[in-house]
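Engineer: Okay, here's the structure, questions in a sec.
The values are calculated or read from the model by the stated rules, or taken from the named source; none is laboratory data. Predicted, not measured: the structure shown is a model, and the values here were computed from it. We place every Cβ from the backbone using ideal geometry, glycine too, and count neighbours over all the protein chains shown. Only protein heavy atoms, including side chains, enter the accessible area calculation; ligands, DNA and RNA are left aside. Shrake-Rupley method; radii C 1.70, N 1.55, O 1.52, S 1.80 Å.
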Amino acid sequence: MKIAVRVAVSVIVLALLLTLLPFDEIKQAVGGLSPLLWLGVLLGFLVGHRAGVEKWRSLVNAGRAALGSRQAVRCYAAGLFANLCLPSIVGGDVLRAALASRVTGRTEAVVIGALADRLLDVMALATLITIGALAAPTLLPGAASWLVAGLVFSGAATAVIAVTIAGRRPLSSWSPRFRRRIGRTLVGLRRLRRYPRVTAGAFTISLGIQSGFVLLNAAVGRAVGIDVPVIAWFLVWPLAKVAALLPISLGGLGLRDATLGALLVPLGVPMALG
């Protein structure tokens, strides 16, 4: 039932986008993408994900998993592809960890490494959103900039408070429904603190990868006629990607597209172009 609901959400959102938005504008925008630009962006994404392989591998091997580079590429690529098929992009993490566990025999190291990798990615996205929000007063009209800044600050404060409370509260006091997730998250945070050099290096790589993806999307946006400052993409694209993490659609399909389009509207970009 859960999977059926998520599939339905993606289908409905995509259908509404294609039905309500002027299809001629969408067709014209897509036509503005040259094959050379398309291949260049694809190459950029491949390079970014190759760097992501080594980032994930460094975190897994911090637990002495001894995962080889070639094996890491195969496991990571399988998980990346599974993101297209499973109900959430986190589902790809599960498959990636399962394959790596089979290869290395170090299930705990692989699971905690994968969890730390996802936490660092979210932290990198939050950092980019903060950078974009700081520039929001010069980008968004009227009270919109204050609203965005307030939401970012509130989200960061809530996350800090939640982690602090969870860290001090005994696991036995949590509901069995959330106990395992909270326990794994806390273990992942302790792993990050135990290996500061590995953590710092992985976070730097993650920040570079996500920044590169932002710039690639900005290049695509410029090609289809979206004329906004590059710094604006550091706000809207990470926010749209965070929306894809919500387990209410099929791998974020439709939800991320609609979110990106809606976030660009206050910047004077037609929804169809977004």
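Engineer: Return the only residue of ALA66, ALA78, ALA51, ALA62 being open to solvent by less than 50 Å² (accessible area, probe 1.4 Å), without any contact (Cβ under 8 Å) to a residue 60 or more places away in the chain and of a type in the set (Gly, Ala, Ser).
Structural biologist: Details: ALA66 fails: open to solvent by less than 50 Å² (accessible area, probe 1.4 Å); ALA51 fails: without any contact (Cβ under 8 Å) to a residue 60 or more places away in the chain; ALA62 fails: without any contact (Cβ under 8 Å) to a residue 60 or more places away in the chain.
Every option except ALA78 fails the conditions.
Engineer: Any residue that is closer than 23 Å to SER211 by Cα and part of a helix (DSSP H, G or I) - is there at least one of those in region 99-107?
Structural biologist: no
Engineer: Please work out which one of (1) touching a helix residue (DSSP H, G or I) at 6+ places or on another chain (Cβ under 8 Å); (2) at pLDDT below 85; (3) not in a helix (DSSP H, G or I) is the condition LEU84 fails and give its number.
Structural biologist: The one condition LEU84 does not meet is (1).
Engineer: Let me ask something else. Within region 17-41, can you find the residues that are assigned to a helix (DSSP H, G or I), of a type in the set (A, V, I, L, M, F, W, C) and touching a residue at least 24 places away in the same chain (Cβ under 8 Å)? Spell out the reasoning first.
Structural biologist: If we filter region 17-41 for residues that are assigned to a helix (DSSP H, G or I), which is where we start, we get 17-20, 23-31, 35-41.
In the following step, the residues that additionally are of a type in the set (A, V, I, L, M, F, W, C) were identified as 17-18, 20, 23, 26, 29-30, 36-39, 41.
Of everything in region 17-41, those that are assigned to a helix (DSSP H, G or I), of a type in the set (A, V, I, L, M, F, W, C) and touching a residue at least 24 places away in the same chain (Cβ under 8 Å) turn out to be LEU17, ILE26, ALA29, VAL30, LEU37, VAL41.
Engineer: Could I ask something else about it? When ASN61 is evaluated against the numbered criteria (1) within 17 Å of SER206 (Cβ to Cβ); (2) at pLDDT 95 or above; (3) out of contact with any helix residue (DSSP H, G or I) (no Cβ under 6 Å at 6 or more places or on another chain), which criterion, by number, is the only one it fails?
Structural biologist: (2)
Engineer: For region 1-46, enumerate the residues that are closer than 25 Å to ASP93 by Cβ, touching a helix residue (DSSP H, G or I) at 6+ places or on another chain (Cβ under 8 Å) and at pLDDT 85 or above. Steps first, please.
Structural biologist: The initial filter retains those residues of region 1-46 that are closer than 25 Å to ASP93 by Cβ, namely 1-11, 13-14, 41-46.
Add one more test, that the residue is touching a helix residue (DSSP H, G or I) at 6+ places or on another chain (Cβ under 8 Å), and what stays is 9-10, 13-14, 41, 44-45.
Matches in region 1-46: VAL13, LEU14, VAL41, GLY44, PHE45.
Engineer: Quick check on my filter: what residues within region 94-107 are touching a Gly at 6+ places or on another chain (Cβ under 7 Å) and open to solvent by 20 Å² or more (accessible area, probe 1.4 Å)?
Structural biologist: Within region 94-107, LEU95, ARG106 qualify.
Engineer: Can you name the residue in region 1-42 that is charged (D, E, K, R) and open to solvent by 60 Å² or more (accessible area, probe 1.4 Å) and is also farthest from VAL224 (Cα to Cα) among such residues?
Structural biologist: LYS2
Engineer: Need a quick list: helices (runs of 4 or more DSSP H) entirely within region 185-274 having at least 3 residues that are more than 29 Å from ALA109 (Cα to Cα), modelled with pLDDT of 85 or more and open to solvent by 50 Å² or more (accessible area, probe 1.4 Å).
Structural biologist: It comes to 230-244, 255-264.
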